[in-house]
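The values are calculated or read from the model by the stated rules, or taken from the named source; none is laboratory data. Being a predicted model, the structure only gives us computed values, none of them experimental. Positions of Cβ are backbone-derived with ideal geometry, glycine not excepted, and every protein chain shown enters the neighbour counts. These area figures cover heavy atoms from the full protein model, side chains too; ligands, DNA and RNA do not enter into them. Shrake-Rupley method; radii C 1.70, N 1.55, O 1.52, S 1.80 Å.
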Amino acid sequence: MRALTWHGKRDVRVDTVPDPKIQDATDVIVKITSSGICGSDLHLYEVLGPYLDAGDILGHEPMGIVEEIGPEVTALSVGDRVVVPFNVSCGTCWMCGQGLHSQCETTQVTEYGTGASLFGFSKLYGQVPGGQAEYLRVPFGNTLPVKVPHGPPDDRFVYLSDVLPTAWQSVRYADIPPGGSVTVIGLGPIGDMATRIALHQGAELVIGVDLVPERLARARANGVHALDLNEHGKDLAEEIRRLTHGRGTDAVIEAVGMEAHGGHLARAAQRFAGLLPDAVGTKVMEHAGLDSMVAFNLAVDAVRRGGTISVIGVYGGAIDPVPMLTLFDKQIQLRMGQANVKHWVDDILPLLDDSDPLGVDGFATHRLPLEEGPQAYKTFQAKQDGMVKTLLTP
(Lines give C-alpha, C1' and ligand atoms only; values in the text may rest on other atoms or scores of the structure.)
Protein backbone atom coordinates (compact mmCIF):
# COMPACT_ATOMS: atom_id res chain seq x y z
CA MET A 1 0.00 0.00 0.00
CA ARG A 2 0.97 3.67 -0.19
CA ALA A 3 1.58 5.54 3.06
CA LEU A 4 3.02 8.86 4.22
CA THR A 5 6.22 8.14 6.15
CA TRP A 6 8.73 10.10 8.21
CA HIS A 7 12.38 10.22 7.07
CA GLY A 8 13.83 13.14 9.00
CA LYS A 9 13.20 16.71 10.03
CA ARG A 10 10.89 18.31 7.45
CA ASP A 11 11.23 15.18 5.31
CA VAL A 12 8.06 13.14 4.85
CA ARG A 13 7.47 10.95 1.80
CA VAL A 14 4.80 8.73 0.31
CA ASP A 15 6.27 5.24 0.10
CA THR A 16 5.08 1.78 -0.81
CA VAL A 17 4.98 -0.27 2.41
CA PRO A 18 3.57 -3.69 3.40
CA ASP A 19 -0.19 -3.91 3.83
CA PRO A 20 -1.34 -4.26 7.47
CA LYS A 21 -2.63 -7.65 8.55
CA ILE A 22 -4.90 -8.98 11.29
CA GLN A 23 -2.65 -9.72 14.27
CA ASP A 24 -5.13 -10.18 17.11
CA ALA A 25 -8.59 -11.71 17.12
CA THR A 26 -10.30 -8.36 17.71
CA ASP A 27 -8.39 -6.41 15.04
CA VAL A 28 -10.05 -4.82 12.04
CA ILE A 29 -8.48 -3.57 8.83
CA VAL A 30 -9.90 -0.26 7.62
CA LYS A 31 -9.60 1.00 4.05
CA ILE A 32 -8.97 4.71 4.60
CA THR A 33 -11.15 7.17 2.70
CA SER A 34 -10.03 10.40 4.43
CA SER A 35 -7.22 11.26 6.85
CA GLY A 36 -6.52 14.68 8.34
CA ILE A 37 -3.23 16.47 8.91
CA CYS A 38 -3.14 17.72 12.50
CA GLY A 39 -1.20 20.55 14.08
CA SER A 40 0.49 18.00 16.34
CA ASP A 41 1.77 16.20 13.23
CA LEU A 42 3.94 19.28 12.75
CA HIS A 43 5.69 18.56 16.06
CA LEU A 44 6.85 15.28 14.51
CA TYR A 45 7.78 17.13 11.32
CA GLU A 46 9.81 19.73 13.19
CA VAL A 47 10.81 18.82 16.77
CA LEU A 48 10.28 15.22 17.88
CA GLY A 49 12.61 13.49 15.42
CA PRO A 50 14.61 11.71 18.15
CA TYR A 51 11.51 9.63 18.90
CA LEU A 52 10.90 8.54 15.29
CA ASP A 53 12.48 6.02 12.94
CA ALA A 54 12.75 6.40 9.18
CA GLY A 55 9.70 4.78 7.62
CA ASP A 56 7.30 5.39 10.52
CA ILE A 57 3.77 5.90 9.14
CA LEU A 58 2.21 9.17 10.31
CA GLY A 59 -1.37 10.29 10.82
CA HIS A 60 -3.97 9.95 13.54
CA GLU A 61 -7.19 11.38 12.08
CA PRO A 62 -8.54 8.66 9.77
CA MET A 63 -11.88 7.22 8.74
CA GLY A 64 -12.88 4.65 6.18
CA ILE A 65 -14.60 1.36 5.41
CA VAL A 66 -14.04 -1.91 7.29
CA GLU A 67 -12.21 -4.22 4.88
CA GLU A 68 -11.53 -7.21 7.13
CA ILE A 69 -12.39 -8.27 10.69
CA GLY A 70 -10.75 -10.63 13.19
CA PRO A 71 -12.59 -13.77 14.31
CA GLU A 72 -13.72 -12.25 17.63
CA VAL A 73 -15.08 -8.97 16.24
CA THR A 74 -18.85 -8.84 16.77
CA ALA A 75 -19.57 -5.09 16.84
CA LEU A 76 -18.61 -4.45 13.21
CA SER A 77 -19.03 -6.08 9.82
CA VAL A 78 -17.13 -5.77 6.57
CA GLY A 79 -18.47 -2.72 4.75
CA ASP A 80 -19.24 -0.68 7.88
CA ARG A 81 -18.16 2.95 7.86
CA VAL A 82 -16.01 3.94 10.84
CA VAL A 83 -14.01 6.79 12.33
CA VAL A 84 -10.85 5.80 14.22
CA PRO A 85 -10.10 7.78 17.43
CA PHE A 86 -6.47 8.78 17.80
CA ASN A 87 -6.16 7.20 21.27
CA VAL A 88 -5.45 3.48 21.01
CA SER A 89 -7.74 2.70 23.94
CA CYS A 90 -9.20 -0.66 24.93
CA GLY A 91 -12.46 0.70 26.33
CA THR A 92 -12.55 -1.89 29.14
CA CYS A 93 -9.76 -1.05 31.63
CA TRP A 94 -10.20 1.03 34.79
CA MET A 95 -8.95 4.26 33.19
CA CYS A 96 -11.24 3.87 30.17
CA GLY A 97 -14.08 3.24 32.62
CA GLN A 98 -13.36 6.65 34.17
CA GLY A 99 -13.59 8.29 30.75
CA LEU A 100 -9.79 8.72 30.65
CA HIS A 101 -9.17 6.95 27.35
CA SER A 102 -5.92 8.87 26.82
CA GLN A 103 -4.60 7.08 29.93
CA CYS A 104 -5.72 3.57 28.88
CA GLU A 105 -3.92 1.06 31.13
CA THR A 106 -3.85 -1.59 28.41
CA THR A 107 -1.82 0.53 25.97
CA GLN A 108 0.18 2.84 28.27
CA VAL A 109 3.78 3.14 27.06
CA THR A 110 5.55 2.15 30.25
CA GLU A 111 9.01 2.38 28.66
CA TYR A 112 8.61 6.15 28.50
CA GLY A 113 6.20 6.57 31.39
CA THR A 114 3.55 8.00 29.06
CA GLY A 115 -0.18 7.48 28.63
CA ALA A 116 -2.15 5.51 26.06
CA SER A 117 -0.62 4.67 22.72
CA LEU A 118 -1.57 6.93 19.82
CA PHE A 119 -1.80 6.18 16.13
CA GLY A 120 1.09 7.60 14.11
CA PHE A 121 2.79 9.43 16.96
CA SER A 122 6.34 8.32 17.74
CA LYS A 123 7.97 5.96 20.24
CA LEU A 124 6.72 8.15 23.08
CA TYR A 125 3.25 6.85 22.33
CA GLY A 126 3.79 3.31 21.14
CA GLN A 127 5.10 3.78 17.59
CA VAL A 128 1.77 2.51 16.23
CA PRO A 129 1.50 2.84 12.41
CA GLY A 130 -0.73 5.77 11.53
CA GLY A 131 -3.63 6.49 9.23
CA GLN A 132 -2.17 8.67 6.47
CA ALA A 133 -2.18 5.54 4.37
CA GLU A 134 -4.41 3.39 2.20
CA TYR A 135 -5.11 0.88 4.98
CA LEU A 136 -4.88 0.82 8.78
CA ARG A 137 -4.90 -1.99 11.33
CA VAL A 138 -7.16 -0.98 14.20
CA PRO A 139 -7.05 -3.00 17.46
CA PHE A 140 -9.99 -3.38 19.85
CA GLY A 141 -12.45 -3.64 16.98
CA ASN A 142 -15.40 -4.14 19.33
CA THR A 143 -14.77 -1.00 21.40
CA LEU A 144 -12.48 1.49 19.62
CA PRO A 145 -13.84 2.38 16.14
CA VAL A 146 -16.85 4.71 15.97
CA LYS A 147 -19.46 3.41 13.55
CA VAL A 148 -21.12 6.16 11.51
CA PRO A 149 -23.83 6.03 8.85
CA HIS A 150 -23.22 5.87 5.12
CA GLY A 151 -24.42 8.80 3.07
CA PRO A 152 -23.03 12.17 4.20
CA PRO A 153 -19.53 13.13 3.02
CA ASP A 154 -16.51 12.16 5.11
CA ASP A 155 -16.23 15.78 6.27
CA ARG A 156 -19.32 15.24 8.41
CA PHE A 157 -17.67 12.61 10.60
CA VAL A 158 -13.88 12.52 10.12
CA TYR A 159 -13.26 15.14 12.81
CA LEU A 160 -14.56 12.71 15.44
CA SER A 161 -11.08 11.18 15.24
CA ASP A 162 -9.46 14.19 16.92
CA VAL A 163 -10.54 17.77 16.13
CA LEU A 164 -14.05 17.63 17.58
CA PRO A 165 -13.34 15.71 20.82
CA THR A 166 -10.10 17.62 21.42
CA ALA A 167 -11.79 20.99 20.99
CA TRP A 168 -14.83 19.79 22.97
CA GLN A 169 -12.64 18.71 25.88
CA SER A 170 -10.78 22.02 25.80
CA VAL A 171 -14.07 23.90 26.19
CA ARG A 172 -15.38 21.58 28.90
CA TYR A 173 -12.12 21.88 30.82
CA ALA A 174 -12.28 25.68 30.45
CA ASP A 175 -15.48 25.67 32.53
CA ILE A 176 -16.85 28.85 30.95
CA PRO A 177 -19.77 30.15 33.08
CA PRO A 178 -23.15 30.67 31.37
CA GLY A 179 -22.96 33.87 29.34
CA GLY A 180 -19.25 34.11 30.16
CA SER A 181 -16.13 34.90 28.20
CA VAL A 182 -13.19 32.92 26.85
CA THR A 183 -9.99 33.68 24.98
CA VAL A 184 -8.73 31.04 22.55
CA ILE A 185 -5.02 31.39 21.81
CA GLY A 186 -4.21 29.89 18.43
CA LEU A 187 -6.79 29.57 15.65
CA GLY A 188 -5.47 26.47 13.95
CA PRO A 189 -7.88 23.53 13.56
CA ILE A 190 -8.35 22.88 17.29
CA GLY A 191 -8.54 26.51 18.35
CA ASP A 192 -10.91 27.38 15.51
CA MET A 193 -13.25 24.51 16.42
CA ALA A 194 -13.01 25.42 20.12
CA THR A 195 -14.32 28.92 19.32
CA ARG A 196 -17.29 27.39 17.48
CA ILE A 197 -18.09 25.03 20.33
CA ALA A 198 -17.81 27.80 22.94
CA LEU A 199 -20.22 29.98 20.98
CA HIS A 200 -22.59 27.05 20.45
CA GLN A 201 -22.59 26.35 24.17
CA GLY A 202 -23.52 29.91 25.08
CA ALA A 203 -20.34 31.92 25.68
CA GLU A 204 -21.21 35.60 25.29
CA LEU A 205 -17.74 36.75 24.28
CA VAL A 206 -15.25 34.54 22.44
CA ILE A 207 -11.90 36.19 21.71
CA GLY A 208 -9.56 34.48 19.27
CA VAL A 209 -5.84 35.24 19.01
CA ASP A 210 -3.60 34.46 16.04
CA LEU A 211 -1.21 36.16 13.63
CA VAL A 212 -2.27 34.54 10.33
CA PRO A 213 -4.69 36.82 8.43
CA GLU A 214 -6.70 33.97 6.90
CA ARG A 215 -7.25 32.34 10.28
CA LEU A 216 -8.33 35.61 11.84
CA ALA A 217 -10.78 36.28 8.99
CA ARG A 218 -12.21 32.77 9.25
CA ALA A 219 -12.84 33.23 12.98
CA ARG A 220 -14.42 36.66 12.53
CA ALA A 221 -16.84 35.18 9.98
CA ASN A 222 -18.08 32.86 12.74
CA GLY A 223 -18.73 35.60 15.30
CA VAL A 224 -15.36 35.51 17.10
CA HIS A 225 -13.73 38.76 18.28
CA ALA A 226 -10.38 38.05 16.61
CA LEU A 227 -7.22 39.83 17.74
CA ASP A 228 -4.07 39.97 15.61
CA LEU A 229 -0.96 39.27 17.68
CA ASN A 230 1.08 41.25 15.14
CA GLU A 231 -1.07 44.32 15.80
CA HIS A 232 -1.28 44.17 19.60
CA GLY A 233 2.06 42.54 20.45
CA LYS A 234 2.95 42.79 24.13
CA ASP A 235 -0.23 44.80 24.80
CA LEU A 236 -2.52 41.93 23.79
CA ALA A 237 -3.46 40.91 27.33
CA GLU A 238 -4.22 44.56 28.11
CA GLU A 239 -6.55 44.66 25.11
CA ILE A 240 -8.32 41.55 26.39
CA ARG A 241 -8.76 43.22 29.78
CA ARG A 242 -10.12 46.31 28.05
CA LEU A 243 -12.80 44.13 26.46
CA THR A 244 -13.72 42.52 29.79
CA HIS A 245 -14.17 45.39 32.29
CA GLY A 246 -10.48 45.32 33.17
CA ARG A 247 -10.53 41.73 34.47
CA GLY A 248 -9.57 39.36 31.65
CA THR A 249 -11.73 36.54 30.31
CA ASP A 250 -13.33 33.93 32.57
CA ALA A 251 -11.30 31.26 30.81
CA VAL A 252 -8.44 30.88 28.35
CA ILE A 253 -7.95 27.93 26.01
CA GLU A 254 -4.29 27.58 25.06
CA ALA A 255 -4.29 25.78 21.69
CA VAL A 256 -0.71 26.45 20.58
CA GLY A 257 1.74 24.50 22.74
CA MET A 258 5.43 23.87 22.51
CA GLU A 259 6.29 25.76 19.32
CA ALA A 260 4.69 29.12 20.05
CA HIS A 261 6.07 32.09 18.11
CA GLY A 262 8.56 34.21 19.98
CA GLY A 263 10.23 31.51 22.08
CA HIS A 264 13.68 31.94 20.56
CA LEU A 265 15.67 30.21 23.32
CA ALA A 266 13.30 27.24 23.40
CA ARG A 267 13.33 26.95 19.60
CA ALA A 268 17.13 26.91 19.60
CA ALA A 269 17.11 24.19 22.28
CA GLN A 270 14.61 22.13 20.27
CA ARG A 271 16.74 22.43 17.14
CA PHE A 272 19.85 21.40 19.08
CA ALA A 273 18.15 18.29 20.48
CA GLY A 274 16.93 17.39 17.01
CA LEU A 275 20.47 17.49 15.62
CA LEU A 276 21.83 15.03 18.18
CA PRO A 277 21.94 11.26 17.62
CA ASP A 278 18.57 9.75 18.56
CA ALA A 279 19.71 8.11 21.80
CA VAL A 280 21.32 11.35 22.99
CA GLY A 281 18.53 13.56 21.66
CA THR A 282 15.86 11.64 23.53
CA LYS A 283 17.81 11.92 26.80
CA VAL A 284 18.22 15.66 26.31
CA MET A 285 14.50 16.11 25.67
CA GLU A 286 13.45 13.85 28.56
CA HIS A 287 15.67 15.56 31.14
CA ALA A 288 16.40 19.04 29.76
CA GLY A 289 13.72 19.62 27.13
CA LEU A 290 12.45 23.18 26.88
CA ASP A 291 9.25 24.42 25.26
CA SER A 292 8.34 27.90 24.14
CA MET A 293 6.12 29.19 26.95
CA VAL A 294 4.96 32.32 25.11
CA ALA A 295 1.38 31.11 24.57
CA PHE A 296 1.09 29.71 28.08
CA ASN A 297 2.38 32.89 29.67
CA LEU A 298 -0.09 34.92 27.60
CA ALA A 299 -2.87 32.67 28.92
CA VAL A 300 -1.77 33.35 32.49
CA ASP A 301 -1.77 37.08 31.80
CA ALA A 302 -5.11 37.18 29.95
CA VAL A 303 -7.28 35.08 32.28
CA ARG A 304 -9.16 36.87 35.05
CA ARG A 305 -8.41 36.23 38.71
CA GLY A 306 -10.16 33.05 39.79
CA GLY A 307 -10.48 31.96 36.16
CA THR A 308 -9.53 28.75 34.36
CA ILE A 309 -6.83 27.90 31.84
CA SER A 310 -7.42 24.88 29.60
CA VAL A 311 -4.23 23.73 27.88
CA ILE A 312 -4.86 21.62 24.79
CA GLY A 313 -1.72 22.58 22.84
CA VAL A 314 0.92 19.84 23.02
CA TYR A 315 3.89 20.30 25.35
CA GLY A 316 6.91 18.06 25.75
CA GLY A 317 9.45 19.94 27.85
CA ALA A 318 10.90 18.56 31.08
CA ILE A 319 12.14 21.84 32.58
CA ASP A 320 9.64 24.43 31.36
CA PRO A 321 9.57 27.55 33.56
CA VAL A 322 6.04 27.97 34.92
CA PRO A 323 5.03 31.26 36.64
CA MET A 324 3.83 29.62 39.85
CA LEU A 325 3.73 32.87 41.83
CA THR A 326 1.26 34.41 39.36
CA LEU A 327 -0.80 31.22 39.04
CA PHE A 328 -1.14 31.05 42.81
CA ASP A 329 -1.73 34.74 43.33
CA LYS A 330 -4.44 34.92 40.64
CA GLN A 331 -6.07 31.72 41.99
CA ILE A 332 -6.05 30.19 38.53
CA GLN A 333 -7.44 26.73 37.88
CA LEU A 334 -5.39 24.75 35.35
CA ARG A 335 -6.55 21.72 33.35
CA MET A 336 -4.82 19.96 30.48
CA GLY A 337 -4.12 16.69 28.72
CA GLN A 338 -4.63 14.60 25.61
CA ALA A 339 -8.26 14.38 24.58
CA ASN A 340 -10.20 11.34 25.77
CA VAL A 341 -11.81 10.83 22.38
CA LYS A 342 -14.33 8.07 23.08
CA HIS A 343 -15.54 9.83 26.23
CA TRP A 344 -16.94 12.76 24.23
CA VAL A 345 -18.30 11.00 21.12
CA ASP A 346 -21.85 10.55 22.43
CA ASP A 347 -22.06 14.26 23.29
CA ILE A 348 -20.87 15.32 19.83
CA LEU A 349 -22.67 12.90 17.49
CA PRO A 350 -26.10 14.59 17.80
CA LEU A 351 -24.55 17.78 16.37
CA LEU A 352 -23.37 16.02 13.20
CA ASP A 353 -26.68 16.22 11.36
CA ASP A 354 -27.78 18.22 8.35
CA SER A 355 -28.18 21.38 10.45
CA ASP A 356 -24.38 21.30 10.97
CA PRO A 357 -24.23 23.83 13.85
CA LEU A 358 -20.43 23.57 14.12
CA GLY A 359 -19.77 23.98 10.40
CA VAL A 360 -17.96 20.67 9.92
CA ASP A 361 -19.08 20.28 6.30
CA GLY A 362 -17.05 23.33 5.30
CA PHE A 363 -14.30 23.07 7.92
CA ALA A 364 -11.55 21.75 5.63
CA THR A 365 -9.66 24.36 3.65
CA HIS A 366 -7.85 21.80 1.48
CA ARG A 367 -8.62 18.30 0.17
CA LEU A 368 -5.63 16.67 -1.50
CA PRO A 369 -4.56 13.24 -2.74
CA LEU A 370 -2.33 11.29 -0.34
CA GLU A 371 0.49 11.59 -2.89
CA GLU A 372 0.54 15.36 -2.28
CA GLY A 373 0.97 14.85 1.47
CA PRO A 374 4.62 15.97 1.63
CA GLN A 375 3.81 19.33 0.01
CA ALA A 376 0.78 19.70 2.29
CA TYR A 377 3.00 19.29 5.37
CA LYS A 378 5.35 21.94 4.01
CA THR A 379 2.52 24.37 3.29
CA PHE A 380 0.83 23.79 6.65
CA GLN A 381 4.07 24.23 8.57
CA ALA A 382 4.72 27.53 6.77
CA LYS A 383 1.08 28.68 7.34
CA GLN A 384 0.75 29.43 3.64
CA ASP A 385 -2.11 29.31 1.12
CA GLY A 386 -4.73 29.85 3.82
CA MET A 387 -4.27 26.26 4.96
CA VAL A 388 -6.01 25.54 8.26
CA LYS A 389 -7.30 22.00 7.81
CA THR A 390 -6.28 19.48 5.16
CA LEU A 391 -7.88 16.13 4.43
CA LEU A 392 -5.81 13.61 2.50
CA THR A 393 -7.56 11.10 0.25
CA PRO A 394 -5.69 7.86 -0.44
### Query
Any idea which of Asp301, Asp346, Asp353 is open to solvent by less than 70 Å² (accessible area, probe 1.4 Å), free of Cβ contacts under 8 Å to residues at least 40 places away in the same chain and not in a strand (DSSP E or B)?
Asp353
### Message
Here is a check on your reading of the model: is Ile57 modelled with pLDDT of 95 or more, crowded, with 22+ Cβ neighbours inside 10 Å, touching a Ser or Thr at 6+ places or on another chain (Cβ under 7 Å) and under 19 Å from Gln127 (Cβ atoms)?
### Response
yes
### Query
If you check every pair at least six apart or on different chains, which have Cβ atoms under 8 Å apart with a residue in the stretch 365-381 that is under 20 Å from Gly55 (Cα atoms) and hydroxyl-bearing (Ser, Thr, Tyr) first and a residue that is open to solvent by less than 60 Å² (accessible area, probe 1.4 Å) and modelled with pLDDT under 95 second?
Tyr377/Asp41; Tyr377/Leu42; Tyr377/Tyr45
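I'd like the full set of residues that are touching a residue at least 60 places away in the same chain (Cβ under 8 Å) and open to solvent by 90 Å² or more (accessible area, probe 1.4 Å), limited to the stretch 317-342. Even if it seems obvious, please write down each step before you answer.
We begin by selecting, within the stretch 317-342, every residue touching a residue at least 60 places away in the same chain (Cβ under 8 Å); these are 333, 335-342.
Matches in the stretch 317-342: Gln333, Arg335, Met336.
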#### Entry: Candidate set from the stretch 356-378 (those that are touching a Ser or Thr at 6+ places or on another chain (Cβ under 8 Å) and farther than 21 Å from Arg220 by Cβ); member that is surrounded by the most Cβ atoms within 10 Å (Cβ to Cβ)
Ala376
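Give the residues of the stretch 230-255 that are part of a helix (DSSP H, G or I) and open to solvent by 30 Å² or more (accessible area, probe 1.4 Å), sorted by residue number.
Of everything in the stretch 230-255, those that are part of a helix (DSSP H, G or I) and open to solvent by 30 Å² or more (accessible area, probe 1.4 Å) turn out to be Asn230, Glu231, His232, Gly233, Lys234, Asp235, Glu238, Glu239, Arg241, Arg242.
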### Message
I need the full set of residues from the stretch 11-21 which are open to solvent by 50 Å² or more (accessible area, probe 1.4 Å) and in a loop (DSSP other than H, G, I, E, B), in order please.
### Response
Pro18, Asp19, Lys21
### Message
at pLDDT below 95 and part of a helix (DSSP H, G or I): is that true of Ala273 in this structure?
### Response
yes
